[in-house]
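Quick note: the coordinates plus some simple rules give every number you see, no bench work behind them. Just so it is clear, the model here is predicted, and its values are computed rather than measured. Note that we place each Cβ from the backbone using ideal geometry, even for glycine, and neighbour counts take in every protein chain shown.
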């Protein structure tokens, strides 16, 4: 059941993209090992990274691996904690003060009172006459408290949504009762019309034929025909009225059935929505309203048989999902979160900070809005805040292949937490260093044999595995000093250019300028690199100044350049730092892009508008809104988007 609840939490929380360690180029890449819990040694392109989730009964529902923090989703294996969105959201939570103010306490008291009033074991006030203590829910009192709870900021108006749904059910039931009374009145009218028709048919007997003169006989016959015509006309009106009453009665009966089914489906949809949003308290309240609103005893959820929720619940329990099942799952989720937080507090006391941060992350992912999570003291959260930040920094260093800094952070984490699994990341770091140094040794041997081609290949392989390897720098300097400066500079320039390492070219431009003076092609290439990097430096400087006043604007400014310089370490680091500071804006842009790719025009436009409200001068939001407006004009067919902006968003 815990795995089921965690999978449902992932359906609402799971981001569209995740960050993993980049794979090394060429044959010098560190060997891929099995997937670790923290994804420290996951190399894209390896067998572990290519692992996919086959088509199961759950369709596209994220499937969590209980033995690790990996999730199979849309044919790929993702790490839950190793992605920018989850890390930024969790860090935001860790830096948010606990919700222990008077307003929050009043809201919690109201929610507890509502759940108590709806409980079957609730003790009502004694009857004033019989003095008998009654037990059972008091629906009207609970309903009266919903608007008061819905006015709280933390509620987000969900209690008002529940109140509206309950009111709609009551209104529908009132209309059903009115139609029942109308049918009773019409049946009384029908009986009266049937009696009138019967009396009309029997009140005037048919005239006798024969006897009397011919003239009198003709007059009697004409008179009898007129009398019969009048009788038939009068009774046909009665019969027509009976038919109309019958039709209206059937129409009312059909409308009553449809009204009851529609109101039930709408209320069940609200219950599922609250459960999928992880608003478990509201889901419990809605589930306890349900049997008091619909007393037919039918509580099976009317879900589409091909929906992911139907398949998930049915496959997990083997029975059709019911309202009681949602009630039980919600209560189990609340209990699971409370248990995780108790474990978190005990682990912090033992200095097992790594496990404590994982337990807190699990509780946050499942019950982000539960009171126990929101009211966790800031003093407890700050104990893991520094550890989580260092852990995120470690992932960034590994991603950028800065193994020296990564090893320093591993040692710091080892001293901070007694249970930190330092062996896996440390083994990955040492493997990368060893492989890089091996290529450096091969380059040294090739340089002694004057094999320039092998030297270049081995140096390139060593730098690709560990770009900041000091031995690579030392060997490069030695080569520059011991051989012809110009040829070595040209070789170094070509190597850096092939690696798109424009940053190092820019920082060591003096020898390259002298070396390419007589080479027109390389001179043009160097001029372009220096011009582009000079422009990039100006943009980075402006973004750093802008970050203090407007992190979204600074992030957007850097994000547009990331597609042109994806391998620039300074740009990547600044982009990552600004992404954390402007996490809400980044989330809005990313969600808008995802919805736009799915052709969800309305959702994408809403996210772009939200991003624009955060940063009114946002060019990404403006261009996205413009594209979506054009798509609406073209009949919801998105026009070709700007390749530059699309590439920037994808990066």
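List of remarks:
- Between residue 106 and residue 345, the C-beta separation translates, for a Förster distance of 30 Å, into a calculated FRET efficiency of about 0.70.
- Calculated FRET value between residue 633 and residue 497, using beta carbons and R₀ = 45 Å, to 0.05: 0.50
- Here residue 431 and residue 600 are evaluated by their C-beta separation; at R0 = 60 Å the FRET efficiency comes out at 0.85.
- Distance between the stretch 376-419 and the stretch 426-461 - C-alpha centres, whole angstrom: 31
- Taking 122, 615, 439 and counting other C-beta atoms within 10 Å, the order from fewest to most: 122, 615, 439
- Taking 383, 573, 531 and counting other C-beta atoms within 10 Å, the order from fewest to most: 531, 573, 383
- Between residue 164 and residue 91, the modelled label-to-label distance comes to 3.7 nm, taking each label 7 Å out from Cα in the direction of the beta carbon.
- With each label modelled as a point 7 angstrom along the Cα→C-beta vector, the residue 185-residue 331 pair spans 4.5 nm.
- The stretch 425-548: C-alpha gyration tensor shape, a/c 1.5 cut-off, then a/b vs b/c: oblate
- Net length available on complete extension from residue 115 to residue 453 is 114.0 nm, with 0.36 nm assigned per residue and the Cα-Cα distance removed.
- For the pair residue 626 and residue 535 in one chain, pulling the backbone fully straight at 0.36 nm per residue adds 30.0 nm over the alpha carbon distance.
- For the pair residue 477 and residue 399, label points projected 7 Å from Cα toward Cβ lie 3.1 nm apart.
- Each peptide in 623-630, 416-423 receives the mean, over its residues, of other Cβ atoms within 10 Å, and ordering these scores from highest gives 623-630, 416-423.
- Stretch gain in nm, segment residue 418-residue 338, where the contour uses 0.36 nm per residue and the Cα spacing is subtracted: 26.4 nm
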